[in-house]
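Notes follow the structure.
None of the figures in this text is laboratory data; all of them are computed from the coordinates on show. Since the structure is predicted, the reported quantities are computational estimates derived from the model, not experimental observations. We place every Cβ from the backbone using ideal geometry, glycine too, and count neighbours over all the protein chains shown.
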Ligand SMILES: [Fe+2]
Ligand SMILES: [Fe+2]
């Protein structure tokens, strides 16, 4: 019984904290948040079957449930940190909690202390406040590399690096390597890293969010194939830089809200070549990044661009990048397009497998997505 109860509790806390991370990145009513909230409620109901009331206490940086310390993982630590930072000694949940109410908890969890929100209880969720001084999380906890923290922290840095490309300065590879190392590390410690994929927003943010999305999707694909070490990092770096050639395309074309005309389309199609040439000239860029920048729109059947006279055997990283790119384009949206739902995306990708996209890699990618959906 204890084991089942532990599993339900861990599952519940994992789901509410992941939902909270997603609120910080998207918004409270985002599909992903609502889905995670619904699953959290299901886990909570299973817990209510065993316990009438659920009280979670924090004592000496330990989460206590049913008079026993709860085994720590990232989600538990995140909850402990949040409760501590908000001076909450215990969190009580009573049977009867409904989805909207639980979403209130998720919303509270998504706030950081500097947002200074007042944590208020509701009909079946109560917070016990204590007067303790705010204790700063130690550096070891901060080094735990939560994905949303990396995103926030590195976004500015990445834009500086990319903007220097636009100003025809040399690319600062150390920064790119650091960002990718952060992602690789986050993947090692946080199984839900993919859930934190960022949606597309303004143009500058787009460059960053698109590159990081492709980076995470490529890393996920590479990891299921058992790729580790330097190659894994290089695949991440190649993903971050795959569209660097777009920095040489005018914003009028890049950000055009409607369809591109023939001339504009011709210019747009130059970005793989421009990117590869630029990267070739940059010291410290892995060869794989040059190849990926050049090949990522070639398509599996070589029907894309740049065009080739002879059939070309593309690198696996170019195929992965094309898959991640196709997926990201469909799941994120610009103002003038609506994001597609996941079933629609899967069916389109299955149609493209074998022509535009590498078939086996596409199946393995869709497998990763469905695994994620089960969590
Ligand atoms: Fe591209
Ligand atoms: Fe792209």
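Some points to look at:
- For the stretch 2-141: rounded, prolate or oblate by the Cα gyration tensor [a/c cutoff 1.5]: rounded
- Sites residue 302 and residue 360, calculated FRET efficiency, Cβ-Cβ separation with R0 25 Å, nearest 0.05: 0.90
- Packing order of peptides 357-363, 51-57, highest average first: 357-363, 51-57 (average count of other Cβ atoms within 10 Å over each peptide's residues).
- Stretchable slack from residue 51 to residue 230, in nm (0.36 nm times residue separation minus alpha-carbon distance): 59.6 nm
- Contour excess over end-to-end distance, with Cα ends at residue 252 and residue 341 and 0.36 nm allotted per residue: 29.1 nm
- Modelled label reach - residue 115, point 7 Å along Cα→Cβ, the stretch 61-82 residues with backbone N closer than 17 Å: 78-82
- P(r) of the stretch 232-375 over all Cα-Cα pairs, binned every 10 Å from zero, in whole percent: 11, 36, 39, 13, 1
- The value of relative contact order for the stretch 66-126, using C-alpha pairs under 8 Å at least six residues apart, is 41 percent.
- For the stretch 43-117: rounded, prolate or oblate by the Cα gyration tensor [a/c cutoff 1.5]: oblate
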